[in-house]
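Some notes on the structure that comes next.
What follows draws every value from the coordinates through simple rules; no lab data is involved. Everything quoted here is computed from the prediction, not taken from an experiment. Cβ: placed from backbone, ideal geometry, glycine included. Neighbour counts: every protein chain shown.
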Amino acid sequence: MVAKKRRKVAKKKTKVTRRKASRKKATRKKARRKVAKKKVTTTRKKARRKAKKKATRKKARRKVAKKKATRKKARRKAKKKVAKKTTRRRKTRRKASRRR
């Protein structure tokens, strides 16, 4: 004859586990509330978000423009320097040919 399997009797929950369970329940409830709150976004909130996005984009664009400007300036300066050098060289050569 097969031995009958004994049914497991649930252990009585201690105070700590009970407290843990209640805390878990509370956090779950809070999360649910948060989700419910999140679902409803007002038009004002949306507008604010849109404005913020626009502002950040504008800032980024400004930054890029500034970078471009500084690069342009540097290039211009370098070109000027090179031009100055070449003109000086031309002048000295002319002088030398006159001396000969």
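Projecting the Cα atoms of Val82, Thr92, Ala65 onto the dipole axis of the chain, where Lys and Arg carry +1 and Asp and Glu carry -1 at the beta carbon, places Thr92 farthest toward the positive end. Secondary-structure-derived ellipticity at 222 nm for the chain, considering helices only, amounts to -30500 deg cm²/dmol, per-run term -39500 (n - 2.57) for DSSP H runs with n ≥ 4. Dipole magnitude for segment 29-77: computed about the Cα centre from +1 point charges on Lys and Arg Cβ and -1 point charges on Asp and Glu Cβ, it is near 100 debye. Placing pseudo-labels 7 Å out from each Cα toward the beta carbon at Ala65 and Ala10 gives an inter-label distance of 6.8 nm. The charge dipole of the chain, taken about its Cα centre with unit charges on the Cβ of Lys, Arg, Asp and Glu (plus for the first two, minus for the last two), comes to roughly 600 debye.
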